[in-house]
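The values are calculated or read from the model by the stated rules, or taken from the named source; none is laboratory data. On a predicted model such as this, the values are computed, not experimentally measured, just so you know. No Cβ is skipped: glycine too gets one built from the backbone with ideal geometry, and neighbour counts run over all protein chains shown. All accessible areas refer to the heavy atoms of the entire protein, side chains included, with ligands and DNA or RNA removed. Shrake-Rupley method; radii C 1.70, N 1.55, O 1.52, S 1.80 Å.
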Amino acid sequence: MHFQTMLKSKLNVLTLKKEPLPTVIFHEPEAIELCTTTPLMKARTHSGCKVTYLGKVPTTGMQFLSGCTEKPVIELWKKHTLAREDVFPANALLEIRPFQVWLHHLDHKGEATVHMDTFQVARIAYCTADHNVSPNIFAWVYREINDDLSYQMDCHAVECESKLEAKKLAHAMMEAFRKTFHSMKSDGRIHRNSSSEEVSQELESDDG
């Protein structure tokens with residue numbers, strides 16, 4: 001009996017010295033579930049500019065200079081004005097990132113949907129916010145790769161809320177161009193003996 005009492009006493013001492021267990025194990029199962037998932041339940045927010053996506057049209061040529069997007073933009077503008085109300089509602093969120101441009105499509109409540117178009121900055125041949133039809137339009141020429149590995153050049157256009165917003169997008173795209181160019185140069189995808197004309201053809205912007 002004395003031995004059992006002494007053993008029980010030692011076990012009590014060991015229990016007191018043991019590191020306390022995390023308090024979360026004493027929570028109810030439902031509480032544990034909430035504690036671990038609450039940060040993941042926050043709605044995802046997108047940083048970008050609300051725009052009205054006007055669509056895209058094929059464009060021809062290999063030299064993209066100032067004014068090259070005027071004709072396709074007029075075509076897109078006319079298509080939209082045929083069925084437009086007094087004001088275009090924003091139907092997309094344009095987010096320009098260092099290596100990609102994301103076009104989040106919005107629902108009727110103005111919330112981002114799962115539908116998103118992704119554009120690789122390295123495939124954007126030209127962009128500008130300088131258009132006679134409207135100073136609020138920002139457009140870019142994109143090299144689309146087809147399934148058979150052929151490609152076509154498409155002009156995409158969006159209408160911004162103001163001329164200033166369109167200009168901001170053009171400047172943001174130029175920064176994305178610079179970062180992409182430096183990354184490609186560091187990776188050896190742009191060779192030192194490449195002409196400046198070839199590089200500018202790949203990454204060119206005209207902010208007006």
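Pairs are defined by a Cβ separation below 8 Å, a sequence spacing of at least 6 or placement on different chains, a first member in the range 133-144 that is over 16 Å from Q63 (Cα atoms) and open to solvent by 10 Å² or more (accessible area, probe 1.4 Å), and a second member that is of a type outside the set (D, E, K, R) and assigned to a loop (DSSP other than H, G, I, E, B); the pairs so defined are P135/A129; N136/C160; N136/S162. C127 falls short on exactly one of the conditions (1) over 16 Å from P98 (Cα atoms); (2) buried (at least 22 other Cβ atoms within 10 Å of the Cβ); (3) of a type outside the set (A, V, I, L, M), and that condition is (1).
Of all residues in the range 79-90, none are buried (at least 17 other Cβ atoms within 10 Å of the Cβ) and at pLDDT 85 or above.
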